[in-house]
Every structure is written in C-alpha cells, then in structure tokens.
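Peer 1: First the structure, then my questions, so here it is.
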Amino acid sequence: MLTSQKHLFNLDPGVHYLNNAYRGPQLKSSEEAGIASIIQQRNPIQLKPTDFFEGVDSVRKLFGQLVNCESSDVAVIPSTSYGFSSVLTNLKPKARGKAIVVQDEFPSGYFSIARWAKENQATIETIAPDSTSASKGESWNSALLEAIDEKTSVVLISSIHWMSGVKYDLEAIGAKCQKMGAVFIVDGTQSVGAMPIDVKACQIDALICATYKWLLGPYSLSLAYIGEKFHNGIPLEESWMNRVNARDFGRLSEYEAEYISGAARYTVGEAANFVLMPMLKASLMQILKWTPSAIQKYSSSLNLPLIDFISRIGGQTEPEPYLAEHLFAPLLPKNINTADLKQELEANQIYVSTRGEYLRVSINVFNEKEDISALMHVIEQHL
Ligand SMILES: Cc1ncc(COP(=O)(O)O)c(C=O)c1O
C-alpha cells in the first residue's frame, strides 16, 4: 500500500490542501524538468530537429499506458474544449437524433455539445439523478442507460461528476452506446491519473483530459485518446507537424497532403512546447509508478474517517459503488452554511471547494491523515 508521497511535492508546511480537483500541485520532478528546459532554451543551437517530436512521442506513449491504448491513438491538445470540438466537428448526426449529457456537466463539454446540436439540428437530452434518493449514482446510471437509444448520436459525460464525484458505470454506458450506434465521449479530467480507466474495456470513442489536475501536469496541456472512428477525420487546424513528411526538415515544402496515421492529426500546432512537455512527461512517469489503483486505495484509507464523521453529524455521502475515493462532495447538515464554513476552513489553512450546498473534498497522495483531522475539527467547531 502506498504511504504519503508529500516529500515529492513542494507544498507549504502547515497547509492542508484538499483541493486537487481545483488544481493539482506540482511535483518536484516536474518542476525540475521545467526549470532544466527553460535553461536549455537559452541557447537555440542546442535545439535538435528531433526535439520537436520526441517529448510529444514520450507523452503520448505514457498516456497510452495509463488508459490502455496505443500511442498512435493519443493527441496532444491545449484544453478539453479543443478536444471535444476536434471530435464533434467530425461527427455526423443521425436524422432527428439526439445528444445526451448529464445535469451540471462541466461547461466545456456542455457548450461543445450545444454547438454541435445546434449546427446539426439535434436535440439535447440532459439526464439528472433522482434528487430524493440517498444514492445519486444508482438512479443517475440507470437513467443514463435507459436514455441511450437508436436516436442517440452521441453521449458526452465526465468519467466522474466534477462537482459531486459520483461515478458513472463507463463499461455499461460504453456497451449501450456501441449497441445503439452512438459515439461515446468521456471527459476524464477529474479522474484519469487517480482512478484506473481502460478505454478498450469501456468502448470509449474519445477520452479527453486536462492535465493540470489528476495528471499533475502543467496548465494549458490536455491529452486525448481518440479512437478509430475518428482516425480519418479533419483536424481543427493544419499543423505542418502532423504530416507524414514532418520529420524530414529538408522536404517540408513538398506539401504532403497525408496526415500521420491515427489520432496524431488532432495534435495542436506547436505541441512540442519545450518547457511544458518535459514537465508533463515527469508527472506521467510518476503516476505510472504509483498506479491509479494504488492512489484510489490510499485515498480510501484517508477518507474513511471523514465519511464516518459526516454520517455522525447528520450529513450524507454517496454510498458504494458510486463513490470515487479521491473526490467526493458530502452533503452537510442543513444548519451549516457552506460559504461561511469555507471561509473558516481557509482561516485554518484548509483548502477545499464548495459547489452549491456541497463541500467538495479531493484527496491525493500528498495528503495525510492530519489533513482530514484538521478538516473534521473545524467542521465540528463550526457546528
Ligand atoms: C470535468 C472538467 N473538465 C474540464 C475542465 C477544464 O476544461 P478546459 O480544459 O476546457 O479549460 C475542468 C476544470 O475544472 C473540469 O472539472
């Protein structure tokens, strides 16, 4: 079982950072890689033609290992919105078809679907959980499965809900999508890195992840698994780097029409980003060393006392099996004002997010049981 990995980060002493879902802290190894790259940029004579490709190649390979795909199925993109648009631009609608999203989906996904639906005369069906049920997950998942039918062109959901952490049964949803001929797009930003995912087992057509949260990467980089259905699509832009002759600098103006095979055609221009790419590479290497399943187990060992505590004070957390161990949002007792509580927590250097009446707590390998005790202590005092 993993033990605390706090020594691998540069967090301020005394800070209880339970907000990885907002922004993951930087690993020392990632920071060092970034600094080394900045220094290397002092002198361009050190920049080799292969540097334009090797960093991206390594990152694509490492991400492939994390989500179970070939590196040729991975594109490097700047943001999740870019990834959704890349895929949706190439999605043909069914006649009088529909797109499915979940209630309160993250705006980048929602707006991308909304534009696609408008441009393709499709309707949007928004699936909500049964708000009266103790388990949102159960009702939400069954409503989702029921909604996917032969009229469904596309389902776009997050792997876990970004506000509450409720898990979706991606295997069952993927299987239903394939059966109904619908494309399955998943926003993995709030779980990939901290929770295992297998794009093949879940029959996902596109998995889009910002890297600055659970992949512990830099801001402005995202990664996308884009499956076979889109391998002949048209990318949003025409980067010279995505052509079959790109690595032969002497032949660039022979204007090769053919894109590199697989998902690489969707990689954003100037993806090589000599400073950020080595940082992301270092983070991915570390995550693969820890493994996402070990991160879930470690988070579970820390969140158990908190879940007990929440139920003792009359609050609620999502029960198994729909509870993500690394991100969850307890519903607090009615007499707690979440905005006031958040202020009090911050005064005690405890950082979480509030999402409506929920307190979103996120846990990663740099957290320790003292972080959870400090959180429970302030909530108790507040009560
Ligand atoms: C589920 C989810 N997707 C995506 C993002 C970031 O989106 P973008 O890369 O489009 O800025 C966030 C940020 O909080 C998120 O929680």
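Peer 1: Which residues in the stretch 238-267 place their backbone N less than 17 Å from a point set 7 Å from the Cα of Thr50 along the Cα-to-Cβ direction?
Peer 2: 246-250
Peer 1: A follow-up question, please. Which of Met277, Met241 has the fewest other C-beta atoms within 10 Å, and how do the rest follow up to the most?
Peer 2: With the fewest neighbours first, Met277, Met241 line up as Met241, Met277.
Peer 1: I've got another one for you. Any idea which of Gly356, Ala33, Thr3 is furthest toward the positive side of the dipole for the chain, if Lys and Arg beta-carbons carry +1 and Asp and Glu beta-carbons -1?
Peer 2: Ala33
Peer 1: Trypsin sites (Lys or Arg not before Pro) within the stretch 304-356: which are DSSP loop residues with at most 14 other Cβ atoms inside 10 Å?
Peer 2: Of the trypsin sites (Lys or Arg not before Pro), the ones in loops of the stretch 304-356 whose Cβ has at most 14 other Cβ atoms within 10 Å are Lys334.
Peer 1: Still on this model: State the extension gain, in nm to one decimal, for the chain segment bounded by Lys200 and Ala95, taking 0.36 nm per residue of separation less the distance between their alpha-carbons.
Peer 2: Full extension from Lys200 to Ala95 adds 35.0 nm.
Peer 1: What are the principal axis extents of the Cα atoms in the chain, in Å, biggest first?
Peer 2: Cα extents, longest axis first: 71, 56, 33 Å.
Peer 1: Going by how many other Cβ atoms sit within 10 Å of their own, how do Arg115, Arg360 line up, fewest first?
Peer 2: Arg115, Arg360
Peer 1: Determine the gain in length on full extension of the stretch Glu238-Met1; use 0.36 nm per residue of separation and subtract their C-alpha separation, reporting nm with one decimal.
Peer 2: Full extension from Glu238 to Met1 adds 80.7 nm.
Peer 1: Between Glu150 and Ala257, what is the spin-label point distance in nm, taking each point 7 Å from the Cα along the Cα→C-beta axis?
Peer 2: 3.8 nm
Peer 1: Which net charge results for the neighbourhood of Glu138, defined as the other residues with beta-carbon distances under 15 angstrom from its beta-carbon, given Lys and Arg at +1 and Asp and Glu at -1?
Peer 2: Taking every other residue near Glu138 into account, the sum is -3.
Peer 1: Something else: Round to the nearest 0.05 the FRET efficiency obtained for Asn43 and Asn348 when R0 = 56 Å and r is the Cβ-Cβ distance.
Peer 2: Working from the Cβ atoms, E equals 0.75.
Peer 1: Once label points are set 7 Å from the Cα along Cα→Cβ at both Asp130 and Asn335, what is their separation, rounded to one decimal in nm?
Peer 2: 3.1 nm
Peer 1: Which order do Thr267, Thr152, Thr50 fall in if you start with the one that has the fewest other Cβ atoms within 10 Å?
Peer 2: Thr50, Thr152, Thr267
Peer 1: Filter the cross-link list Lys6/Lys61; Lys167/Lys334; Lys61/Lys167; Lys167/Lys200; Lys342/Lys369; Lys136/Lys334 down to pairs whose alpha-carbon distance in this structure exceeds 23 Å.
Peer 2: In this structure, Lys6/Lys61; Lys167/Lys334; Lys61/Lys167 lie more than 23 Å apart at Cα.
Peer 1: Taking 41 Å as R0, compute the FRET efficiency from the Cβ-Cβ separation of Lys28 and Lys179 and round it to 0.05.
Peer 2: That pair, Lys28 with Lys179, gives E of 0.30.
Peer 1: So, one more: Between His377 and Glu270, 0.36 nm times their residue separation minus their Cα-Cα distance comes to what?
Peer 2: Extending this stretch completely gives an extra 33.7 nm.
Peer 1: Give the long-range amide H neighbours of Ile127: residues separated by 5 or more places, or on another chain, with amide H under 5 Å away, using H modelled in the peptide plane at 1.01 Å from N.
Peer 2: The list, which skips near neighbours in sequence, is Val101, Val102, Gln103.
Peer 1: Something else: In whole Hz, with x marking every Gly and Pro, tabulate ³J(HN,Hα) for the stretch 123-131 from phi via Karplus 6.51 cos²θ - 1.76 cosθ + 1.60, θ = phi - 60°.
Peer 2: Result, rounded to whole Hz: 9, 10, 10, 9, 9, 10, x, 7, 5.
Peer 1: Can you work out the Karplus-derived ³J(HN,Hα) for every residue in the stretch 321-327? Use 6.51 cos²θ - 1.76 cosθ + 1.60 with θ = phi - 60°, whole Hz, and x for glycine or proline.
Peer 2: Taking θ as phi minus 60°, the curve returns x, 9, 8, 7, 6, 9, 8 Hz for the stretch 321-327.
Peer 1: I need the phi-derived Karplus couplings for the stretch 331-338: 6.51 cos²θ - 1.76 cosθ + 1.60, θ = phi - 60°, integer Hz, Gly and Pro marked x.
Peer 2: In residue order, the calculated couplings are 8, 7, x, 4, 7, 9, 8, 5 Hz.
Peer 1: How many percent of DSSP beta bridges within the chain run antiparallel, rounded to 5?
Peer 2: 50 percent
A short reminder: the numbers here are calculations on the coordinates, not readings from a lab. From a predicted model like this one, the values you see are computed outputs, not experimental measurements. No Cβ is skipped: glycine too gets one built from the backbone with ideal geometry, and neighbour counts run over all protein chains shown.
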